[in-house]
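K.L.:
Dropping the structure in here first, questions after.
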Amino acid sequence: MLHSAQRPGRATDEWWRNAVIYQVYPRSFADADGDGTGDLAGVRARLPHLAELGVDALWFTPWYRSPQADGGYDVADYRQIDPAFGTLADAEALIADALALGIRTIVDVVPNHVSDQHAWFQEALAAAPGDPARERFWFRDGKGPGGDEMPTQWTSSFAGNTWTRTEGPDGKPGQWYLHLFAPEQPDLNWNHPDVVAEHEAVLRFWYDRGVAGIRIDSAALIAKDPELPEVQEHHEPGTHPHLDRDELHEVYRGWRKVADSYEDSRFLVGEVWLADIDRFMMYLRDDEMHMAFNFDFMTRPWDKAALEESIRATIASHSGVSAPPSWVLSNHDVTRPVTRYGRENSSFAFADKRFGTPTDLSLGARRARAAALLTAALPGVLYVYQGDELGLPEVEDLPDGVREDPMHFRSGGVDPGRDGCRVPLPWTAAGTTYGFNDTGAAPWLPQPEGWGEHAVEVQAADPGSFLTLYREAIRLRRSESALRGDALEWTETAPEVLAFRRGEDLTCVVNFGDVPAALPAHSAVLLASGPLEGDRLPKDTAAWLRT
């Protein structure tokens, strides 16, 4: 175990401020034991790929013991690795091996809820109404005759209702419990001291094992109004019954104290889905999180005005805090860029996901390459979801029988769910699993025919591939001093071209128009997302110029 000395105060090595952080979805990355499910040994075996890509850190989606009702975001025990992925010793070895290559580790913590198989919840179910064991959750009597009506009419993040009724030892209906997500994910009561203490202990457990950062899932949802009022059309900021309540900030101040107690730099990054930028920035005060995901940028369409507006707003809002901005094109919940950017509506919203939405994958790939250079040129932290460096499309034709995402099932089958961006990676051009494992055991989600065309081994030998583009962009982010600073200066150019200068001599240009555009004066082209036409930048293409 990699224990670190602790001290009060703040670490000075803020390596993460300009980092490239790669998201690993362990179930789909690489399968070393050949059972069809990715595992930690598979990640260890593929660390050379990640080192060559040039990333600074790996963010792992939950690897803890879990029934996998929601892809691991239903945690049963934070101190055990799920047997499908390996053991705690495997995790410690992976953390150490990655660090030896200069790659740090970030793990996910899910404070809003736990698994219904968690020891606390099992204890609560076995207890009688009013027992202290139930106070760690939101158990309530129902309304109406016999308590048959749910305590509230709140809507789940996964569609449907947010309450499930229990059954007593006598088989009679009992109290209801709250779950903002699936019934297998009961919400915790953050007014209870046990909940606060346990999560701070979990942070220390993983920080002590060498983890450098904690990603906080659904960070704005953890606090609830104890009166459980109904959601209205409008609530004053900080007073919504279960979203972005003012009192939750005290929780994250406590977490920040834990992170700051370590001598070497540890950080917190929040998943904060909020449209109100002022409320969003409250999570980034100096005594709370070190950064938060920029979902506004991620969900914008491929449109110059929309993306420029988001970039300007993000940089302006972060100017008042010490937290760096972050940039990300996708993650394990979002339609992959190659598919999304090929659609007529290239923005993203969960409510809009439907089967049969047409896409032009050639167009989407061209735009996704340009978007990769755009995001990599921006100041702050760059996140890359596994497979985006390969230009993987969304797998939209999965058989119904293999889908596992509760978003699909709770929508009545209307929402395709998130499985399509979680299909196991291709490593080799051939083989029944394209190198995902060596045994040929069927992956937990089927890979489509032709998946090997996107394989790492194919793209590593192709100077025009997505992988080569990502490797070179990340290399330049590290070697070019202009890309390591915070400065960004917008430059005037053609109406459909977005252009900005980084430092004294590097300019990023992106053509959103329908025709090629003249490049600004430059001495060299450092990198381009596609072939140039002499001194003209083709449509849906980006370039980094020495100016």
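K.L.:
Counting only protein chains, not ligands or nucleic acids, how are 470, 252 ordered by accessible area (probe 1.4 Å), most first?
P.N.:
Values: 470 25, 252 0 Å².
So the residues, ranked largest to smallest area, are 470, 252.
K.L.:
Now a separate question. Any chance you could look up the accessible area of residue 381 with a 1.4 Å probe, heavy atoms only, rounded to 10 Å²?
P.N.:
Looks like 0 Å² after rounding.
K.L.:
Got a sec? What order do 106, 277 fall in by accessible area at 1.4 Å, biggest, i.e. largest, first?
P.N.:
Working: 106 0, 277 75 Å².
The ranking, largest first, comes out as 277, 106.
K.L.:
Let me ask something additional. Considering the options 68, 130, 320, tell which one lies farthest towards the positive end of the dipole of the chain, charges being +1 on Lys and Arg and -1 on Asp and Glu at the Cβ, about the Cα centre.
P.N.:
The Cα lying farthest towards the positive end belongs to 320.
K.L.:
Calculate the all-directions average of the projected area of the range 1-131's alpha-carbon convex hull, and give it in nm². Let's see the in-between values first.
P.N.:
On the way: hull surface 42.8 nm².
Averaging across all directions leaves 10.7 nm² for the Cα convex hull.
K.L.:
Another question about this same structure. Putting +1 on Lys and Arg Cβ atoms and -1 on Asp and Glu Cβ atoms, find which of 197, 509, 78 reaches farthest to the positive end of the dipole of the chain.
P.N.:
Positive-end residue among those listed: 509.
K.L.:
If I model a spin label as a point 7 Å beyond the Cα along the Cα-Cβ vector, how far apart are those points for residue 200 and residue 491 in nm?
P.N.:
5.1
K.L.:
Rolling a 1.4 angstrom probe over the protein heavy atoms, how many square angstrom per residue are accessible across the chain?
P.N.:
Values: 20780 Å² over 547 residues.
Accessible surface, normalised per residue, equals 38 Å².
K.L.:
To test your reading of the geometry: what angle, between 0 and 90 degrees and rounded to tens, separates the Cα axis of helix 361-376 from the longest principal axis of the chain?
P.N.:
90
K.L.:
Highest first, please rank the peptides 121-131, 495-505 by the mean number of other Cβ atoms sitting within 10 Å of their residues. The partial results should precede the final answer.
P.N.:
On the way: 121-131: 14.6, 495-505: 17.5.
With the highest mean Cβ count within 10 Å placed first, the list reads 495-505, 121-131.
K.L.:
Projecting each Cα onto the charge dipole of the range 424-505 (Lys/Arg +1, Asp/Glu -1 at the beta carbon, about the Cα centre), which of 451, 493, 434 comes out farthest on the positive side?
P.N.:
The listed residue farthest towards the positive side: 434.
K.L.:
Give me the one-decimal Kirkwood hydrodynamic radius in Å for the range 227-268, with the sum taken over alpha-carbon pairs.
P.N.:
Numbers: mean 1/r = 0.0803 Å⁻¹.
Radius from the Kirkwood sum: 12.5 Å.
K.L.:
Any idea what Rg and Dmax come out to for the range 87-166 if you just take the C-alpha atoms, in Å?
P.N.:
According to the Cα coordinates of the range 87-166, Rg and Dmax are 19.5, 63 Å.
K.L.:
Sticking with this one: Say R0 is 25 Å: what FRET efficiency, to the nearest 0.05, do residue 277 and residue 239 get from their beta-carbon distance?
P.N.:
Result of the calculation: an efficiency of 0.85.
K.L.:
Ok, one more. Which of rounded, prolate or oblate describes the range 222-335 when judged by the alpha-carbon gyration tensor and an a/c cut-off of 1.5? It would help to have the intermediate numbers written out before the result.
P.N.:
Details: a/c = 1.88, a/b = 1.09, b/c = 1.72.
Verdict is oblate for the range 222-335.
K.L.:
Next question. What FRET efficiency do you get for residue 533 and residue 361 if R0 is 22 Å and r is their Cβ-Cβ distance, rounded to the nearest 0.05?
P.N.:
Working: r = 23 Å, r/R0 = 1.03.
Result of the calculation: an efficiency of 0.45.
K.L.:
For the chain, give the share of DSSP beta bridges that are antiparallel, in percent and rounded to the nearest 5; count only bridges with both residues there.
P.N.:
That works out to approximately 60 percent antiparallel.
K.L.:
Same structure, new question: Apply 1/(1 + (r/R0)^6) to the Cβ-Cβ distance of residue 475 and residue 153, taking R0 = 51 Å, and write down the FRET efficiency to the nearest 0.05.
P.N.:
Between residue 475 and residue 153 the formula returns 0.45.
K.L.:
How far is the Cα center of the range 268-345 from the Cα center of the range 470-547, in Å?
P.N.:
Between the Cα centres of the range 268-345 and the range 470-547 lies a distance of 21 Å.
K.L.:
Additional query: Let me check something: with ligands and nucleic acids excluded, how do 224, 257, 539 order by accessible area (1.4 Å probe), largest to smallest?
P.N.:
Values: 224 5, 257 150, 539 85 Å².
Largest to smallest exposure gives the sequence 257, 539, 224.
K.L.:
If we count every other residue with Cβ under 10 angstrom of residue 117's Cβ, Lys/Arg +1 and Asp/Glu -1, where does the sum land?
P.N.:
-3
K.L.:
Mind jotting down the three principal axis lengths of the range 275-421 based on Cα atoms? Whole angstrom, largest first.
P.N.:
48, 33, 24
K.L.:
If you don't mind, there's one more thing I want to ask. Could you please state how large a percent of the accessible area of the range 27-133 is carbon and sulfur, counting protein chains only and using a 1.4 Å probe?
P.N.:
Working: 1760 of 3420 Å².
Of all accessible area on the range 27-133, carbon and sulfur atoms account for 51 percent.
K.L.:
Here's a follow-up. Would the range 426-522 count as rounded, prolate or oblate if I go by the C-alpha gyration tensor, calling it rounded below 1.5 in a/c and otherwise prolate when a/b exceeds b/c, oblate otherwise?
P.N.:
prolate
K.L.:
Just from its helices, what would the mean residue ellipticity at 222 nm be for the chain, if runs of 4 or more DSSP H residues each count -39500 (n - 2.57) and the sum is divided by every residue, rounded to the nearest 500 deg cm²/dmol?
P.N.:
Counting only the DSSP helices, I get -7000 deg cm²/dmol.
K.L.:
Jot down the per residue volume, in cubic angstrom and as a whole number, of the convex hull over the alpha-carbon atoms of the range 455-507.
P.N.:
Numbers: hull volume 5.9 nm³, N = 53.
Spelled out: Cα convex hull of the range 455-507, divided by residues, is 111 Å³.
K.L.:
Quick one: of the DSSP bridges fully inside the range 1-156, what percent are antiparallel, nearest 5?
P.N.:
Numbers: 3 of 11 bridges.
Antiparallel: roughly 25 percent of the beta bridges in the range 1-156.
K.L.:
Let me ask something else about it. How would you order 204-210, 71-77, 231-237, 354-360 from highest to lowest mean count of nearby Cβ atoms within 10 Å?
P.N.:
Working: 204-210: 18.0, 71-77: 22.9, 231-237: 9.3, 354-360: 11.9.
Per-residue mean Cβ counts within 10 Å order the peptides as 71-77, 204-210, 354-360, 231-237.
K.L.:
Additional query: Only one of the listed values, (i) 1.05; (ii) 1.11; (iii) 0.98, was derived from the coordinates as Cα Rg over 2.2 N^0.38 Å; which label is it?
P.N.:
So the structure-derived entry is (iii).
K.L.:
Next question, about the same structure. Where nothing but the Cβ of Lys and Arg (+1) and of Asp and Glu (-1) is charged, how large is the charge dipole of the chain around its Cα centre, in debye to the nearest 20? If you can, show how the numbers build up before the last one.
P.N.:
On the way: 51 positive and 85 negative charges, 236 e Å.
Roughly 1140 debye for the chain.
K.L.:
Could you pull the accessible area for residue 310 with a 1.4 Å probe, rounded to 10 Å²?
P.N.:
Accessible area of residue 310: about 0 Å².
K.L.:
Can I ask one more? Starting from the Cα-Cα distance between residue 225 and residue 287, subtract it from 0.36 nm times their residue separation and give me the gain in nm to one decimal.
P.N.:
19.9 nm
K.L.:
Given labels modelled 7 Å from the Cα in the Cβ direction, how far is it in nm from residue 257 to residue 51?
P.N.:
Between residue 257 and residue 51, the simple spin-label model gives 4.0 nm.
K.L.:
Sticking with this one: For the range 371-449 and the range 25-72, what is the centre-to-centre distance using only Cα atoms, to the nearest Å?
P.N.:
13
K.L.:
Assigning unit charges at the beta carbon (Lys, Arg +1; Asp, Glu -1) and nothing else, what dipole magnitude in debye, to the nearest 20, does the range 210-314 show about its Cα centre? Present the calculation step by step, with values, prior to reporting the outcome.
P.N.:
On the way: 12 positive and 23 negative charges, 85 e Å.
Around 400 debye, computed over the range 210-314.
The values are calculated or read from the model by the stated rules, or taken from the named source; none is laboratory data. Note that the coordinates shown come from a computational prediction; the quantities given were computed from them, not determined experimentally. Cβ sites come from the backbone with ideal geometry, for glycine too, and all protein chains shown count toward neighbours. Ligands, DNA and RNA are excluded from the accessible area calculation, which covers all protein heavy atoms including side chains. Shrake-Rupley method; radii C 1.70, N 1.55, O 1.52, S 1.80 Å.
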